[in-house]
């Protein structure tokens with residue numbers, strides 16, 4: 001398997017005011033000091049903080065949490081991929097389960113957003129994952145496979161696409177799948193990527209997300225085909241986030 005640089009990504013969700021930039025600056029300082037080793041470090045703050053974060057976060061990447069599929073237009077309250085790029089972002093998360101559930105986003109909508117991200121010069125982090133009912137009924141791989149087939153942008157490369165597996169039932173619940181469960185799903189995703197993206201699929205980073213914290217990071221990040229983490233609540237403080245990103249030191 002190709003050596004893949006891991007990605008430690010923090011998703012602040014609807015959290016963070018200007019006072020929170022101190023946590024971001026502490027993370028950036030640790031990155032510059034080598035405390036995260038070979039990992040690439042990314043924080044996705046709320047849109048209100050992206051420009052300030054891009055200025056304060058030297059040494060790490062800044063991303064958006066969502067974008068509209070259109071470049072501009074009459075879409076009150078939305079933000080385009082071009083706007084994110086203009087503010088200093090280099091990544092954007094699309095298809096997070098909270099967007100899929102709260103806003104009814106379909107696989108096609110997620111793909112459209114991901115393709116818009118690529119057109120704007122952003123790397124798209126496409127999220128996939130099953131609900132608890134789907135897992136308990138044995139549908140995990142079918143659901144994840146369908147989301148991958150329907151959500152990934154056309155013409156993506158390993159440099160412009162990251163896939164994040166986030167079992168919906170593990171997000172913010174404190175529950176995590178076993179290492180064997182994660183290994184099974186990530187191996188399946190790798191196989192699907194290789195089939196869909198000949199010559200590129202083996203190099204795409206696959207992140208695990210869902211109640212990742214310092215206490216379980218070493219085990220989860222050590223699973224084959226896990227190339228980093230998409231971290232929610234634990235990314236809001238420098239101490240906790242660095243406890244996860246620091247496993248790559």
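Restricting attention to the range 14-55, the residues being surrounded by fewer than 21 Cβ atoms within 10 Å (Cβ to Cβ) and under 18 Å from residue 162 (Cα atoms) number 2. Of the residues making up the range 183-203, those that are more than 19 Å from residue 131 (Cα to Cα) and touching a residue at least 60 places away in the same chain (Cβ under 8 Å) are 202, 203.
Restricting attention to the range 33-65, the residues being touching a helix residue (DSSP H, G or I) at 6+ places or on another chain (Cβ under 7 Å) and in contact (Cβ under 8 Å) with a residue 60 or more places away in the chain number 7.
The residue pairs whose first member lies in the range 107-120 and is assigned by TED's automatic domain parsing to the domain that holds residue 95, whose second member is surrounded by fewer than 19 Cβ atoms within 10 Å (Cβ to Cβ) and outside any helix (DSSP H, G or I), and whose beta carbons are closer than 6 Å, counting only pairs six or more residues apart or on different chains, are 118/160. Each residue in the range 170-182 was checked for being assigned to a helix (DSSP H, G or I) and farther than 16 Å from residue 133 by Cα, and 3 of them qualify. When the range 231-245 is examined, which residues are found to be under 13 Å from residue 42 (Cα atoms) and touching a helix residue (DSSP H, G or I) at 6+ places or on another chain (Cβ under 9 Å)? 231, 235, 236, 238, 241, 242, 244, 245 - these are the residues of the range 231-245 that are under 13 Å from residue 42 (Cα atoms) and touching a helix residue (DSSP H, G or I) at 6+ places or on another chain (Cβ under 9 Å). Of the listed requirements (1) in contact (Cβ under 8 Å) with a residue 60 or more places away in the chain; (2) under 29 Å from residue 189 (Cβ atoms), residue 30 misses just one: (2).
The values are calculated or read from the model by the stated rules, or taken from the named source; none is laboratory data. Keep in mind the model is a prediction, meaning the values are calculated, not measured. Note that we place each Cβ from the backbone using ideal geometry, even for glycine, and neighbour counts take in every protein chain shown.
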